[in-house]
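Remarks on the structure that follows.
The values are calculated or read from the model by the stated rules, or taken from the named source; none is laboratory data. Bear in mind the structure is a predicted one, so any value in this text is a computation, not a measurement. Note that each Cβ is placed from the backbone with ideal geometry, even for glycine, and that neighbours are counted across all protein chains shown. The accessibility values were calculated without ligands, DNA or RNA, using every heavy atom of the protein model including side chains. Shrake-Rupley method; radii C 1.70, N 1.55, O 1.52, S 1.80 Å.
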Amino acid sequence: MPAPWPADKRVQVLGPLDGLRPLFSMVRLTVAPLRFGAGLKGKVLDSLAADVPCAMSPIAAEGLSLNGPLPQTVAADADAPAEVLLRLHDDPAFNVAYTQTGIRLVKDSYSNEQVTASMARVAPPGSAQSTTAGGDVGLARLPRISEPSYARDHAAGSDFANTWPAACDD
């Protein structure tokens with residue numbers, strides 16, 4: 001019978017966490033080896049927003065407009081994840097360039113202002129798309145991206161909503 005996971009004593013199972021901020025302060029990089037999924041991956045955005053590089057599978061990268069050094073951390077085959085992890089771990093210049101680009105991506109594409117502007121283009125206040133039977137909901141009543149409901153409803157319980165504002169401050 002196989003040994004109970006994790007057999008490697010270097011692996012520490014933390015269990016449930018109140019938030020990801022303390023965890024991100026303890027790690028040098030993250031890994032998102034997703035084999036299936038759809039839409040934006042909150043775990044990748046969480047990592048980028050926390051200024052922590054993320055090695056990811058092509059599925060984890062889907063929907064993200066990766067630029068600069070970010071696409072170089074998408075591991076497309078079986079050998080690539082180890083190479084990406086080693087590079088993120090051992091190459092300080094690449095790590096710094098990656099984290100700076102990741103923070104900029106989150107700030108430029110996923111800030112409250114950007115999400116609100118995108119929603120306004122799709123459903124301008126007063127349009128049929130932005131109203132309900134109860135009247136005009138407008139954009140002023142949309143939940144802010146930094147509210148806990150965003151993490152619960154859109155990032156599968158991640159802490160993105162609570163990490164990005166601090167990480168994106170100039």
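Order the peptides 54-65, 69-80 from the highest to the lowest mean number of other Cβ atoms within 10 Å of their residues.
Descending mean neighbour count gives 54-65, 69-80.
Where nothing but the Cβ of Lys and Arg (+1) and of Asp and Glu (-1) is charged, how large is the charge dipole of the range 3-128 around its Cα centre, in debye to the nearest 20?
That gives a dipole near 240 debye.
Long-range amide H contacts for residue 20: which residues qualify at under 5 Å (H placed 1.01 Å from N, peptide plane, sequence gap of 5 or more or a different chain)?
Hits under the 5 Å cutoff: 159.
Ignoring ligands, DNA and RNA, what percent of the accessible area of the range 46-87 is carbon or sulfur (1.4 Å)? List each step's numbers first, then the result.
Values: 1010 of 1820 Å².
The value for the range 46-87 is 55 percent carbon and sulfur by accessible area.
Percent of Cα-Cα pairs more than 24 Å apart in the range 13-116, please.
Considering the range 13-116, 19 percent of its Cα-Cα pairs are separated by more than 24 Å.
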